[in-house]
1. Looking at the structure I just gave you, is S186 assigned to a helix (DSSP H, G or I), among the hydroxyl-bearing types (S, T, Y) and either crowded, with 17+ Cβ neighbours inside 10 Å or more than 16 Å from ligand 2 (Cβ to nearest atom) (or both)?
2. Say we look at region 19-52 and pick out the residues that are farther than 22 Å from A229 by Cβ and touching a residue at least 60 places away in the same chain (Cβ under 8 Å); which of these is nearest to ligand 1 (Cβ to nearest atom)?
3. Could you please find all residues in region 170-187 being under 14 Å from the mean Cα position of the chain (by Cα) and over 16 Å from R100 (Cα atoms)?
4. What helices (runs of 4 or more DSSP H), lying completely within region 91-176, carry at least 1 residues that are in contact (Cβ under 8 Å) with a residue 12 or more places away in the chain and within 15 Å of ligand 1 (Cβ to nearest atom)?
5. Of the residues E41, E70, E36, only one is closer than 18 Å to L197 by Cα and more than 16 Å from ligand 2 (Cβ to nearest atom); which?
6. Can you name the condition, by its number, that I58 falls short on among (1) touching a His at 6+ places or on another chain (Cβ under 6 Å); (2) within 16 Å of ligand 2 (Cβ to nearest atom)?
7. Among L23, L49, L28, L79, which is the only one that is surrounded by 12 or more Cβ atoms within 10 Å (Cβ to Cβ), under 14 Å from the mean Cα position of the chain (by Cα) and modelled with pLDDT under 95?
8. Tell me yes or no: at least one residue of region 129-136 is under 25 Å from N219 (Cβ atoms) and of a type outside the set (K, R).
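The values are calculated or read from the model by the stated rules, or taken from the named source; none is laboratory data. Here the structure is a predicted model, which means the values were calculated and not measured. Please note: Cβ atoms are built from the backbone with ideal geometry, for glycine as well, and neighbour counts cover all protein chains shown.
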Amino acid sequence: MAPAGINMQDVLARVQEVPFQPLADAHLLDATRPSEAPAEEFRSLRTRLNHLQSLSPIHNVVVTSPSPAEGKSFTAVNLALAEAQLSGNLTLLADFDFRRPIVHSMFQVDRSPGITDYLMGKAELHQIIKKVAGTNLYIMPAGEAVLNPLELLNLQEVNNLFNILPTVFNWVILDTPPLLFAADASLLSTLCHGTILVVRIGTTTIDSVTRAMQSLCENNVLGISVNGARRGELYSKYTYYHSYYYAAENARAEELQAEAAAEAENKQE
Ligand SMILES: Nc1ncnc2c1ncn2[C@@H]1O[C@H](COP(=O)(O)OP(=O)(O)O)[C@@H](O)[C@H]1O
Ligand SMILES: [Mg+2]
């Protein structure tokens with residue numbers, strides 16, 4: 001039952017549309033170039049998530065990483081775009097990084113009214129959601145800067161939001177602050193159905209992954225998404241991530257195909 005008498009269908013009917021005009025250097029997926037990197041990797045991640053959703057009711061997903069600049073926002077935004085490309089797959093991208101919000105700049109919309117304004121009772125729900133015109137994507141900017149992000153996140157209203165959003169959105173993707181720098185993401189992960197941990201090749205250390213996993217409620221980690229990997233690189237040097245790895249699976253399949261083709265060629269010679 002939707003709490004506080006909020007009917008999400010009514011809310012959606014009232015949200016404002018914004019044009020799709022991403023910032024030029026935001027590294028967003030380009031729907032008109034489906035074979036360009038990293039579109040394929042995000043489709044692969046999408047496929048894995050959709051499969052998990054077919055097994056259990058996963059709708060609200062936290063995207064986080066141990067440290068800053070590892071690609072949390074990059075992953076959250078592109079995953080949301082990839083999901084929204086599927087017909088009828090209403091997807092909400094919510095900027096829960098109140099400390100360094102970026103979703104509003106990537107889509108060139110106002111930061112406020114946003115989530116913090118709603119949680120402080122200064123805005124209504126329909127005012128903080130924007131529909132990206134011509135897509136299934138909705139965005140929820142972070143809102144005005146606050147001194148006490150954790151206090152806000154502890155409000156019952158946050159939990160209420162996570163109960164009502166999935167009544168209309170098939171996916172609610174949360175961009176969040178780094179795990180080792182603030183408690184926000186680990187708190188959010190306890191309120192959501194799943195967590196994706198982003199690590200960046202050449203930046204994230206094994207030690208920080210270990211500490212990040214410890215800070216999370218481990219039972220809802222859906223997987224680790226490896227960012228910045230060159231194709232074929234992962235399975236040789238980064239075997240540690242095997243069981244969690246999503247996005248490189250296509251790369252591995254391609255690598256196997258290439259190996260098989262080379263072998264076949266050798267035999268012919
Ligand atoms: N795989 C990638 N390819 C190209 N640029 C990337 C990639 N991942 C991240 N970036 C860039 O690196 C910077 C940091 O990424 P961001 O997603 O903002 O990190 P975080 O949210 O973890 O702090 C951004 O400028 C982003 O566009
Ligand atoms: Mg970020």
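1. On the way: assigned to a helix (DSSP H, G or I): yes; among the hydroxyl-bearing types (S, T, Y): yes; either crowded, with 17+ Cβ neighbours inside 10 Å or more than 16 Å from ligand 2 (Cβ to nearest atom) (or both): yes.
Criteria met by S186.
2. Taking the candidates together, the pick is L23.
3. Within region 170-187, the first condition is being under 14 Å from the mean Cα position of the chain (by Cα), and the residues that meet it are 170-178, 185.
Residues satisfying the conditions are N170, W171, V172, I173.
4. Details: elements: 103-106, 115-119, 125-128, 149-153, 156-164.
Once the helices (runs of 4 or more DSSP H) in region 91-176 are filtered for at least 1 residues that are in contact (Cβ under 8 Å) with a residue 12 or more places away in the chain and within 15 Å of ligand 1 (Cβ to nearest atom), what remains is 103-106.
5. On the way: E70 fails: more than 16 Å from ligand 2 (Cβ to nearest atom); E36 fails: closer than 18 Å to L197 by Cα.
Being closer than 18 Å to L197 by Cα and more than 16 Å from ligand 2 (Cβ to nearest atom) holds for just one of E41, E70, E36, which is E41.
6. Just one mismatch for I58, condition (2).
7. Working: L23 fails: under 14 Å from the mean Cα position of the chain (by Cα); L49 fails: modelled with pLDDT under 95; L79 fails: modelled with pLDDT under 95.
Every option except L28 fails the conditions.
8. Taking region 129-136 first, the residues under 25 Å from N219 (Cβ atoms) are none.
Taking every residue of region 129-136 in turn, none turns out to be under 25 Å from N219 (Cβ atoms) and of a type outside the set (K, R).
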